[in-house]
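Q: I have a structure I would like to understand better, so I am pasting it below and will then ask my questions one at a time.
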Amino acid sequence: MDRLEAFQYRKSTDPPVADDDDETTIWEKSLRTLLLPTSCGGQAEEDDTEPSEFETVLHCSARILLHPGWLLTDCSAQMETLTLRAVRLSARRPQRLLALRTTPAGSQLRPARWASTSALVSSTRQGHKRALATQAGGSAAVPDAEPGKERVVILGSGWGGYTISRQLSPAQYKPVVISPRSYFVFTPLLTDTAAGNLDFSNIVEPVRDKKSKVDYIQAAARSVDFKRKVVVCEASVVRSGVTESPRTDEHEREWDEGPDTKKGYEQLRKWEEGQIFEVPYDKLIISVGCVSKTFRTPGVRENAMFFKDIGDSKRVKRRVRECFELAVLPTTTPEMREYLLHFAIVGAGPTGTELAAALRDFIYTDMMALYPTLKGVPKLTLYDVAPKVLSMFDESLSRYAMETMTKDGIDIKTSHHVESLRWGPPGAPGPHEMDPKYCLTIKTKEEGEVGVGMCVWVTGNAMNKFISRSLTDLNEFPSSSVTLKESKVTPETENSKWHVKKVPRIGALLVDGHFRVQLESEDGKTAVLQDVFAIGDNAMPETGAPPATAQATNQEAKWLATRLNNGDLEQSAPFSFRNLGTLAYIGNSKALMQIPHEQADQSRKNSLLPEGLKGRTAWLVWKFAYLSMSVSWRNKTRIAFRWVVNRLFGRDVSRF
């Protein structure tokens with residue numbers, strides 16, 4: 001333990017002494033010395049009384065940080081960051097992590113103890129879990145629950161989280177929303193913002209508002225301790241990219257991949273790393289949504305654009321304008337001009353189809369009026385591995401959509417398999433480094449390489465890392481808040497190894513008919529968590545999976561809120577999805593509406609209803625339906641006003 005001698009203990013009356021060589025305080029320099037790879041490679045011993053060198057480093061670091069006898073300055077905050085980084089990068093035994101604890105007043109440091117914790121902080125390439133659970137007598141960021149009210153922690157601010165936070169009774173519950181995103185997005189109209197039909201703020205509702213009694217914490221959930229009933233979070237207030245779909249992790253990034261180099265990414269993470277804290281709950285509702293599924297296609301995660309949030313829509317609109325400006329430069333060759341103005345959308349579901357249709361209107365109507373010299377050059381291609389578009393619609397409606405969109409100038413390529421996506425023109429030798437001044441190349445199994453100016457990837461959903469990596473094995477069985485389906489909880493039950501029950505291959509949380517999260521033991525037993533729920537795309541009821549749509553998630557949130565408000569969750573029948581119909585815009589003021597055929601009991605089709613609506617009639621229904629479904633009257637008014645303005649003066653074509 002010679003490295004521990006590097007610590008220079010100084011009294012609070014003495015100012016920090018700067019080192020003449022690098023102008024770094026002795027404290028910070030000492031801690032950096034301790035955190036060198038050679039000093040952090042030790043592993044925790046099996047005996048709790050024999051702490052490793054790494055644990056001792058943390059213990060001594062905490063003494064400097066927390067003891068009132070030592071000066072707490074900016075350098076101490078830097079040391080705290082370094083200590084946290086050491087936990088993330090250097091711990092070798094997830095079951096033997098150091099838990100630092102102080103008295104409630106924070107005036108004295110209790111002796112450090114070696115404890116097990118399920119609080120995940122991050123995952124490395126080998127999948128090891130690290131954790132740091134600190135308690136300093138509570139946090140000002142977490143409001144205390146009012147007497148007689150249960151604190152309901154809601155993870156996510158999408159259709160599930162936002163809806164249920166507004167539906168819960170304020171007389172019975174104190175909702176706390178935890179999400180990196182401080183707003184709710186009305187996703188059915190997200191394509192309209194990319195095409196300039198609406199302003200981005202027209203479809204956004206803030207989580208914090210004057211009327212609701214909902215508390216909000218801008219953070220990302222990192223793990224859940226079901227035994228202690230706490231959620232471990234990392235603050236994300238200053239984190240960039242919150243408004244965009246997750247792209248790639250630092251350990252997955254190469255030097256020449258993506259919009260930033262690895263070096264720039266590491267510099268960015270220095271100030272993006274948020275504080276780690278715990279939020280207790282009485283009830284927990286998990287509705288964190290999903291990320292875009294890439295099927296491990298090379299280059300897609302790094303180079304494609306996704307379409308799930310406001311930031312994604314801004315990037316799409318900006319890139320379209322960017323490609324047009326590049327195309328009219330005198331230095332652009334005719335071949336490169338065709339590549340830049342070829343826009344590819346992968347995925348012919350409702351989102352991909354509506355995005356292709358909205359961009360078609362934007363490009364062929366508004367952009368062509370601004371760039372008359374480019375007439376006949378722009379091209380839109382819609383790729384899908386399925387044999388048809390909008391496969392969830394009836395055959396006649398799907399066929400009508402393909403015929404109409406093809407006639408309007410959209411090239412539809414079904415039964416096409418994308419193999420890779422990279423920067424550079426087709427046939428260009430490597431290395432293929434990102435250069436937005438030029439095009440990308442999309443390679444399909446059927447056609448080979450094709451140059452495109454932009455590729456938007458909307459092919460389905462995959463579980464995010466909080467679901468797939470954090471909610472896995474349990475360190476301690478929460479015996480006080482579970483019920484076993486087959487038997488009662490016994491000491492043998494508690495000693496068994498348990499993990500969160502999930503759907504095979506998909507990875508979604510397998511919940512019961514009342515959306516309660518379930519646990520599964522190594523011997524096949526199933527336990528139901530009575531106070532932990534999951535709704536939305538990250539959950540699948542074992543009684544039957546509803547479609548992965550905003551309509552389904554909205555119904556789930558309202559159903560669960562009603563059951564919790566009434567207190568009749570146990571007595572109520574399992575959730576049943578009610579199909580209210582499906583809408584899709586296909587361009588040029590035309591749309592489709594799929595009318596549900598089944599009656600409430602789903603026993604027979606209703607022959608009095610048509611298969612669906614199509615054309616301008618369906619487009620009017622599409623307009624009024626989504627206008628009425630918008631949350632606030634403020635946005636309803638703004639949306640209607642913008643649609644009228646667009647008819648009179650055209651769409652917004654600004655690039656920002």
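Rule-based calculations on the coordinates, nothing more; no lab input. Model, not experiment: these values are computed from the prediction. Quick reminder, even Gly has a Cβ in these numbers, built from the backbone with ideal geometry, and neighbours come from all protein chains shown.
Q: What ranking of Phe624, Phe477 emerges when the number of other C-beta atoms within 10 Å of each C-beta is taken as an exposure proxy, fewest first?
A: Phe624, Phe477
Q: Using only C-alpha atoms and all pairs of different ones, pull out the Kirkwood radius for the stretch 296-459 in Å with one decimal.
A: 16.1
Q: Need the full-extension length gain, Lys413 to Thr333, defined as separation in residues times 0.36 nm minus the C-alpha distance. One decimal, nm. List each step's numbers first, then the result.
A: Details: separation 80, 0.36 × 80 = 28.80 nm, distance 2.67 nm.
Fully extending the segment from Lys413 to Thr333 adds 26.1 nm.
Q: Another question, then. Taking the Cα centre of each part, how many Å lie between the stretch 344-406 and the stretch 290-332?
A: Taking the Cα centre of each part, the stretch 344-406 and the stretch 290-332 sit 16 Å apart.
Q: Among Gly349, Phe324, Thr297, whose Cα lies farthest out toward the positive end of the dipole of the stretch 296-459, if unit charges sit on the beta carbon of Lys, Arg (+1) and Asp, Glu (-1)?
A: So the residue furthest toward the plus end is Phe324.
Q: Projected area of the stretch 329-409, taken from the Cα convex hull and averaged over every viewing direction, in nm²?
A: 5.9
Q: Something else now. Starting from the Cα of Arg505, move 7 Å in the Cα-to-Cβ direction to define the label point; list residues of the stretch 540-574 whose amide nitrogen is under 20 Å from there.
A: Answer for this model: 540-549.
Q: Please arrange Ile467, Ile310 by how many other C-beta atoms lie within 10 Å of their C-beta, fewest to most.
A: So the residues, fewest neighbours to most, are Ile310, Ile467.
Q: Then there is this: Quick check: net charge around Lys388, other residues with Cβ under 13 Å of its Cβ, Lys/Arg +1 and Asp/Glu -1?
A: On the way: positive: Arg399, Lys413; negative: Asp384, Asp394, Glu395, Glu403.
Neighbourhood net charge equals -2.
Q: Select from the stretch 347-449 those trypsin sites (Lys or Arg not before Pro) which occupy a DSSP coil region and have at most 14 other Cβ atoms within 10 Å, ordered by residue number. Walk me through the numbers on the way to the answer.
A: Values: sites: Arg360, Lys375, Lys379, Lys388, Arg399, Lys407, Lys413, Arg422, Lys437, Lys443, Lys445; in loops: Lys375, Lys388, Lys437, Lys445.
When the trypsin sites (Lys or Arg not before Pro) of the stretch 347-449 are filtered for loop state and at most 14 Cβ neighbours within 10 Å, Lys375, Lys437, Lys445 remain.
Q: Which of the residue pairs Lys174/Lys636; Lys308/Lys558; Lys413/Lys502; Lys314/Lys465; Lys283/Lys308 have a Cα-Cα distance greater than 30 Å in the structure shown?
A: With Cα atoms farther than 30 Å apart: Lys413/Lys502.
Q: Let me ask another. Would you mind estimating how fast the stretch 464-545 diffuses translationally, via Stokes-Einstein at 10 °C and 1.306 mPa s with the Kirkwood radius over Cα pairs, in µm²/s?
A: 124
Q: Given H placed on each backbone N at 1.01 Å, which residues far from Ile412 in sequence or on other chains put an amide H within less than 5 Å of it?
A: Answer set, sorted by chain and number: Leu382.
Q: When a footprinting reagent is the concern and you count Cβ atoms within 10 Å, what order do Ser630, Ser313 take, fewest first?
A: Ordered by Cβ neighbours within 10 Å, fewest first: Ser630, Ser313.
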